[in-house]
1. Name the residues in the stretch A:83-120 that are in a loop (DSSP other than H, G, I, E, B), touching a helix residue (DSSP H, G or I) at 6+ places or on another chain (Cβ under 8 Å) and of a type in the set (Gly, Ala, Ser), would you?
2. Which one of the conditions (1) open to solvent by 20 Å² or more (accessible area, probe 1.4 Å); (2) not in a helix (DSSP H, G or I) does A:VAL4 fail to meet, given that it meets all the rest?
3. Please enumerate the residues belonging to the stretch A:83-94 that are farther than 16 Å from A:VAL7 by Cβ and buried (at least 18 other Cβ atoms within 10 Å of the Cβ).
4. Could you tell me whether B:VAL79 is within 12 Å of chain A (Cβ to nearest Cβ), at pLDDT 95 or above and closer than 30 Å to A:ALA67 by Cβ?
5. Out of all the residues in the stretch B:186-220, which are of a type in the set (S, T, N, Q) and farther than 22 Å from B:SER97 by Cβ?
6. Surrounded by fewer than 19 Cβ atoms within 10 Å (Cβ to Cβ) and at pLDDT 95 or above: is that true of B:GLY70 in this structure?
7. Restricting to the stretch A:95-141, count the residues that are surrounded by 20 or more Cβ atoms within 10 Å (Cβ to Cβ), of a type in the set (Val, Ile, Thr) and within 24 Å of A:PRO184 (Cα to Cα).
8. I'd like the full set of residues that are more than 18 Å from A:THR98 (Cα to Cα) and touching an Asp or Glu at 6+ places or on another chain (Cβ under 7 Å), limited to the stretch A:78-87.
Amino acid sequence: MKIVVLVKQVPDSGAERNLRAEDNTVDRASANNVINEMDEYAIEEALRLQEAHGGEVTVLTMGPQRATESIRKALSMGPDGAVHVVDDALSGTDALGTSKVLAKALERLNADVIICGAESTDARGQVLPHMLAERLGVAALTGARKLTVDGSQLTIERQTEEGYEVVTAATPAIVSVWDTINEPRYPSFKGIMAAKKKPVETLSIADLGVDAGEVGWAGAQTTVKEHTKRPPRSAGQKVTDSGEGGVALVDYLSSEKFV
Amino acid sequence: MNSTVSPSGLLQLDALLSDEERQIQDVVRKLMDATVRSEVHHWYEQGRAPIRELANEFGRLGLLGMHLHGYGCAGASAVAYGVACMELEAADSGVRSLVSVQGSLAMYAIWRFGSEEQKQRWLPGMARGEFIGCFGLTEPDHGSDPASMSTRARKDGSDWILHGSKMWITNAPLADVAVIWARADEGVRGFVVPLDTPGVTVREIKQKMSLRASSTGEIVLDDVRLPQEAQLPEATGLKAPLSCLTEARYGIVWGSLGAGRDCLETAIRYAQERIQFGKPIASFQLTQAKIADMALEVQKGFLLALHLGRMADQGKLTPEMVSVGKLNNVREAIKIARECRTILGANGISGEYPVMRHANNLESVLTYEGTSEIHQLVIAAKLTGIQAFS
């Protein structure tokens, strides 16, 4: 089984993140850049599939040169190799453009299963798996909290707010996962040391047959026109307890779907 | 407030580590957060830690014997091993002791002095954490002076008979195998002794006030019969066990620094939040002076440890260098722990904070693997050409 995991480098969601004033893009230069958290679950799921069914796991990343740090970290968990699409012309590419580039790269990789995180912690669009499925003409099994494979049949439990749906599709397919699906492993020391020797293929958009005009600022179909900082939190709602405080609290929690 | 940095961020010394070393440090820190940090004060209070579970977890990661090559070991650099020890001991000295004794003492002795058969039999399982090892050199009556050891090894046909006892042996109560050092007619010899061998009894040492999240015992050897194959063929003389101690001491140079750093980070956080006389106690100049002085020692200790690590990776590390590192870093770490306790006031003695636990642990660390006094004598012997203890 040939498995490709999509890995994105994002600014650490645990630290303060900013958009740049000049072009409304994420300030990556001053941020601590890490593997998108949800992608670690995707890598873990890919490795578990490989352990159960054999085959090969390849990491696919589109991102600037410094994304190689995240690729090495991803490889230290156990995948066999990586493909890094890196090109100056990609700066400013939106989700549609990203899906175009990744789809071209995926066509070359010929994967049975493509696994990715359900969303990235920077853009949080959740659109990429669907765009890729459309471009590649494969099934989209999105928002999985469980994945099982039986021959060429994939079955997921799609997590919803109310419960879950069971969805099946035949390979090839793209599966996006939530952090409920597994517990990602720590990279072993052997894995960390082996990662730097694993093959990482670097591709430009020319290698993929993508024209510079289709990506970057020029090709973007969407733009961020302006941004403002989120206002500081306003005071919460106070419930004065006159014997019914508990009920009011439970009502609030259930209306917000906390319980 | 101006932006702050952690004590280890002050000089950005992280930049001296490779990506690989930083990643190993990061993984060990995360593992400690997930498995040790929130639990260890309970273990400490109960005087009992889930050592087998920890060993299995550490084995999966590759922590056990991580600086050794082959036989299932990770083959990491000395610096990588050092930063791992630092993060382990930032959680607890007892947890770091488990790894030191397994990797640097028991596994190293077999790896360095063992036969191919001994290595094949023990090392892969020890690296996975399935077998727990310990190291018997210290005796009830012979600590700093191991040359006077009373444990005897005598030949009986092709077998060896071991008789004597070993004291203060970390991991002994639950270990599967011990490397035991004994005096034979031809000099000090080492033996790989499965602890279920007839004649071996192990007693756990209770009522410790230090290293309570670590298991310590006495091993009694009552005419224990071992086949010739149990002897470590390459170990001749006291130099062999002493070289193992140099390995373990090197880990302590880094580890003690981790305990000191954890105390300092705790004290800084506490001082920022604790209000007295209407303001955080971090506002008082006496507290600021303490914090600044301690941060200096943490940074200097790191540079010292890193220098020793780089020397080790170039094959240039000498026992005297390790003595400098152990003497300085443990002595400073225990000073830091005690000073931090004063910043935390009465809360400093509470198990809710790690400071008193680290301070108590470091009392053992100050003494084991060569006391501070012995390291002073080793260093001064090198400087004066006169050995004070021969």
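1. Those that are in a loop (DSSP other than H, G, I, E, B), touching a helix residue (DSSP H, G or I) at 6+ places or on another chain (Cβ under 8 Å) and of a type in the set (Gly, Ala, Ser): A:SER91, A:GLY92, A:ALA118, A:SER120.
2. The single condition A:VAL4 does not satisfy is (1).
3. A:ASP87, A:ALA89, A:THR93, A:ASP94, listed by residue number.
4. It is false that B:VAL79 is within 12 Å of chain A (Cβ to nearest Cβ), at pLDDT 95 or above and closer than 30 Å to A:ALA67 by Cβ.
5. B:THR197, B:THR201 - these are the residues of the stretch B:186-220 that are of a type in the set (S, T, N, Q) and farther than 22 Å from B:SER97 by Cβ.
6. Yes.
7. Matching residues across the stretch A:95-141 total 3.
8. Restricting attention to the stretch A:78-87, the residues satisfying the condition of being more than 18 Å from A:THR98 (Cα to Cα) are A:78-81.
Selection gives A:ASP80 alone.
The values are calculated or read from the model by the stated rules, or taken from the named source; none is laboratory data. The shown structure was predicted, so the numbers you read here are calculated from the model rather than taken from an experiment. Neighbour counts run over all protein chains shown; Cβ positions are idealised from the backbone, glycine included. Just the protein is used for accessible areas: all its heavy atoms, side chains included, with ligands, DNA and RNA removed. Shrake-Rupley method; radii C 1.70, N 1.55, O 1.52, S 1.80 Å.
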